[in-house]
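Undergrad: Right, I'll just put the structure down here and ask away after.
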Amino acid sequence: MLIYDKLIVDTSNIFYRVAALYLKDLKQETVSNLIKNNTVFNQYKAFIEKLKGQSVGEICLLFDPMMSNGNMSARLKIKEGYKTTRDKNSPVSQLRLDTLEKLYSEFIVEKRSRISVYHDVSLEADDFVEKLTETGKCLMLTSDEDFARYLEEGRVEMLRKGLSIKDESIYTAKAFETKHGFKPSIASVTFWKALYGDVSDNIVGVFKDPSTKIIKTASDE
């Protein structure tokens, strides 16, 4: 069994793994029943409680801004179109928002030992990670490569697939370097995203922006 000092959970990202059994051909009637019966919420809550056996320290639950009042998050105000490729009215999005709001309320109102909630309307989930990964052996539960900037060999790792924490599922800084050809850091991953963009967040990179004029071929460099 792998034991970590801190487990850092990207709650929005992990939702899709917890709810995977219900996401195929999801219809509005099915969504209503899942919400009414708290089916996915109860599974998610049980998963978080189970994580205590994989950490000797804190379970950190990171939430993106939940703007159910119709207001825009701080990043959307800065970058028009941020994350707007995601259909917020789809059945899956409705189920995700309901589940995350209940999860947030559950652990804010009824505090549990070793479980902490991180949420701010001006911050995205990954904005909390730099400070949280400063000390201890940490595991980030997410497939979002924005988190990869905090990977550190032998100390900060990622669980990119599944819900079981086991050796074969762990993604390391070395694995990232093998895949992309450079070592992950806050500077390198941010620069990489700036050049090539991030489709999931609807961010167009410099090399893919039609208004960009490249004096000489630079993408291979």
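The values are calculated or read from the model by the stated rules, or taken from the named source; none is laboratory data. Keep in mind it's a predicted model, so treat the numbers as computed, not measured. Note that we place each Cβ from the backbone using ideal geometry, even for glycine, and neighbour counts take in every protein chain shown. When the accessible area is computed, the model is the full protein with side chains, heavy atoms only, and any ligands, DNA or RNA have been set aside. Shrake-Rupley method; radii C 1.70, N 1.55, O 1.52, S 1.80 Å.
Undergrad: Can you pull the one-decimal nm distance between simple spin-label points at residue 177 and residue 36, each 7 Å off the Cα toward Cβ?
TA: Calculated label separation equals 5.5 nm.
Undergrad: Treat the range 89-145 as a sphere of radius equal to its Kirkwood radius over Cα pairs and apply Stokes-Einstein at 25 °C in a medium of 0.890 mPa s; give the translational diffusion coefficient in µm²/s, rounded to a whole number. Write down the numbers at each step before the final one.
TA: On the way: Rh = 13.6 Å.
Calculated translational D: 180 µm²/s.
Undergrad: What is the calculated FRET efficiency for residue 29 to residue 196, with r their C-beta to C-beta distance and R₀ = 41 Å, to the nearest 0.05? Write down the numbers at each step before the final one.
TA: Working: r = 40 Å, r/R0 = 0.99.
After rounding, the FRET efficiency stands at 0.50.
Undergrad: Same structure, new question: Given the Cα-Cα distance of residue 46 and residue 170 and 0.36 nm per residue of separation, how much length would full extension add, in nm? Please list the in-between numbers first.
TA: On the way: separation 124, 0.36 × 124 = 44.64 nm, distance 2.17 nm.
So the chain would gain 42.5 nm between residue 46 and residue 170.
Undergrad: Let me ask you something else. Within 13 Å, Cβ to Cβ, of residue 137, how many net charges do the neighbouring residues add up to if Lys/Arg are +1 and Asp/Glu are -1?
TA: Neighbourhood net charge equals -4.
Undergrad: Greater than 19 Å separation of Cα atoms is the criterion. Which listed pairs, 131/166; 6/52; 24/52; 50/161; 6/102; 52/166, meet it?
TA: Working: 131/166 25 Å; 6/52 10 Å; 24/52 30 Å; 50/161 17 Å; 6/102 23 Å; 52/166 15 Å.
Pairs exceeding 19 Å: 131/166; 24/52; 6/102.
Undergrad: Please give the FRET efficiency for residue 163 paired with residue 209, using the beta carbon to beta carbon distance and R0 = 35 Å, rounded to the nearest 0.05. Mind showing how you got there, number by number?
TA: Working: r = 37 Å, r/R0 = 1.06.
The value I calculate is 0.40.
Undergrad: Using a Förster distance of 35 angstrom, determine the FRET efficiency expected from the C-beta separation of residue 89 and residue 153, and round it to 0.05.
TA: Computed FRET efficiency for residue 89 and residue 153: 0.25.
Undergrad: Same structure, new question: Might you work out the accessible area of residue 96 for me, using a 1.4 Å probe with all protein chains in place, and round it to the nearest 10 Å²?
TA: 60
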